[in-house]
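Derivation of every value follows stated rules applied to the coordinates shown; laboratory data play no part. On a predicted model such as this, the values are computed, not experimentally measured, just so you know. When we count neighbours, we look across all protein chains shown, and the Cβ atoms used for this are built from the backbone with ideal geometry, even at glycine.
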């Protein structure tokens, strides 16, 4: 494991932490053969090829390969491993000057902008970051290119897209990778669609179909609108985007959940922490920014609607902004300081809650809610285990709701509150009454979201958020 001298001890500690927290999810450990991911038999979730569940918790680090040097990449990746992320989403041909601006070592990715002539020196830097990511037990969500490079008069044709895809597939065949095509753009013509299709086929030729593949659309939008029937699309990805507060991310999941053939789905780009709300709208207020509550609400709404995971993003981190660099979308905090914004830490609590139960058994089920808000920012969402062993109910504003408790198939039901701000559980009551019950969260109002957890008391589950 290569770290700068001042980080050696921290890197060792983080590697040990990653090995610990990734045990249940089957994470890749330093020195091991890279685990392969696949879709579960239910077609709703992801798992390793040994059957252990994989919780997709992504971070959008779009400019990682292009803007950070190796020491900076070490710092970023160590932080994300420590916070419990499992997937790092980064772009090979990046959006911001990705074709012509050199990386910190003076290299551009392509010789004369030709996708059939990759620059070996540039890709050696990507190799370093991929290897470092692997050593920390993380998976790279690798976007071959940002969409602006294949849209319209971009650099790609179907022929060179296939060649570039084959190059990438061969180079990273043995690494923990999820391929993410698209890059914030949608195909509007047959030619653009052909570029995506041939790139996908090229990747599969190169890696032998070893890795999962999806598509990152323009937001708000869904990959299923374009490629749901494609044989190369293993799971769907949507972008709920950054338009407004209280935009129900679960609606995207509900759309994909009804489609056939059945495929998992998740939000690949929800509202970013610290990005101005609706920044692309005329007259947007640059001082009104999404906060950690907005981030949590997007995550829990999506997951309880049936998503197989979730992605976090920070406006300062995705672009790796720092003083002296032109900010995009009003970045305001250096990326290395923004790493510790509260929403990023709270994403670890999301993962811990879901991994403290067999989350791959979860099925969205609003029918168990008999009363409570069903619209707007306070909308309550619920999901139950298919075997009746546990239930999650999310109240974004701490508003009361009523639950059909008998969905828990046992005579002893344990009730707990989970605090998504701190990751702490509050035992509430254990009862043998399986009727209808109303619950009042401990606090209420914006920023006071709570998750009710109902368990089969005989199942031996730990307290919510505590992974065995």
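Take the Cα of residue 432, step 7 Å along the line toward its Cβ, and report every residue of the stretch 393-408 whose backbone nitrogen sits under 19 Å from that point.
Within reach of a label on residue 432: 405-408.
If you take the alpha carbon radius of gyration of the stretch 128-181 and divide it by 2.2 N^0.38 Å, what ratio comes out, to two decimals? Kindly include the intermediate steps, with their values, before the conclusion.
Working: Rg = 12.8 Å, N = 54, 2.2 N^0.38 = 10.0 Å.
Ratio of Cα Rg to 2.2 N^0.38 Å: 1.28.
I need the peptides 414-420, 367-373 ranked by packing, meaning the mean over residues of other C-beta atoms within 10 angstrom, with the highest value on top. Please list the in-between numbers first.
Details: 414-420: 20.9, 367-373: 14.9.
Top of the packing list down: 414-420, 367-373.
Which angle between 0 and 90 degrees, to the nearest 10, do you get for helix 70-82 versus the longest principal axis of the chain when only C-alpha atoms count?
Value to nearest ten degrees: 20.
I'm spelling it out carefully: the read-out is semi-axes √(5λ) of the Cα gyration tensor in Å, the candidates are (1) 35, 27, 20; (2) 37, 23, 22; (3) 60, 31, 19, and one was derived from this structure. Which label?
(2)
Using a basic spin-label model with each label point 7 Å from the Cα along Cα→Cβ, how many nm lie between residue 284 and residue 412?
That separation, rounded to one decimal, is 5.3 nm.
Using mean Cβ contacts within 10 Å as the protection proxy, how do 132-145, 202-215, 110-123 order, highest first?
Highest to lowest by the protection proxy: 132-145, 202-215, 110-123.
For residue 251 and residue 330, compute 0.36 nm times the residue count separating them, minus their Cα-Cα distance, and round to one decimal in nm.
Working: separation 79, 0.36 × 79 = 28.44 nm, distance 2.87 nm.
Extra length from residue 251 to residue 330 when fully extended: 25.6 nm.
For the Cα atoms of the chain, what angle does the longest principal axis make with the long axis of helix 190-207, in degrees from 0 to 90, nearest 10?
With rounding to tens, the tilt is 90 degrees.
So what's the back-of-envelope 222 nm ellipticity for the chain, counting only DSSP H runs of four-plus at -39500 (n - 2.57) apiece and dividing by all residues, rounded to 500?
Working: 12 runs with 126 residues, N = 468.
After summing the helix terms and dividing by the residues of the chain, the value is -8000 deg cm²/dmol.
Roughly how many Å is it from the Cα centre of the stretch 412-434 to that of the stretch 355-386, as a whole number?
Taking the Cα centre of each part, the stretch 412-434 and the stretch 355-386 sit 15 Å apart.
Rounded to the nearest 5, what is the percent of antiparallel bridges among the DSSP beta bridges in the chain? If you can, show how the numbers build up before the last one.
Working: 41 of 65 bridges.
Expressed as a percentage, antiparallel bridges in the chain total about 65.
For residue 117 and residue 375, what is the calculated FRET efficiency with R₀ set at 51 Å and r taken between the beta-carbons, to the nearest 0.05? Walk me through the numbers on the way to the answer.
Numbers: r = 54 Å, r/R0 = 1.06.
The pair residue 117/residue 375 has a calculated efficiency of 0.40.
In whole Å, how far is the Cα centre of the stretch 188-247 from that of the stretch 274-313?
Taking the Cα centre of each part, the stretch 188-247 and the stretch 274-313 sit 21 Å apart.
Quick one: pull the percentage of alpha-carbon pairs in the stretch 49-127 with a separation above 14 Å.
Values: 1997 of 3081 pairs.
The answer is 65 percent, as a whole percent.
Could you line up 226, 45 from fewest to most neighbouring Cβ atoms inside 10 Å?
Details: 226 19, 45 23.
With the fewest neighbours first, 226, 45 line up as 226, 45.
How big is the stretch 365-456 on each of its three principal axes, counting only the C-alpha atoms and giving the largest first in Å?
35, 26, 20
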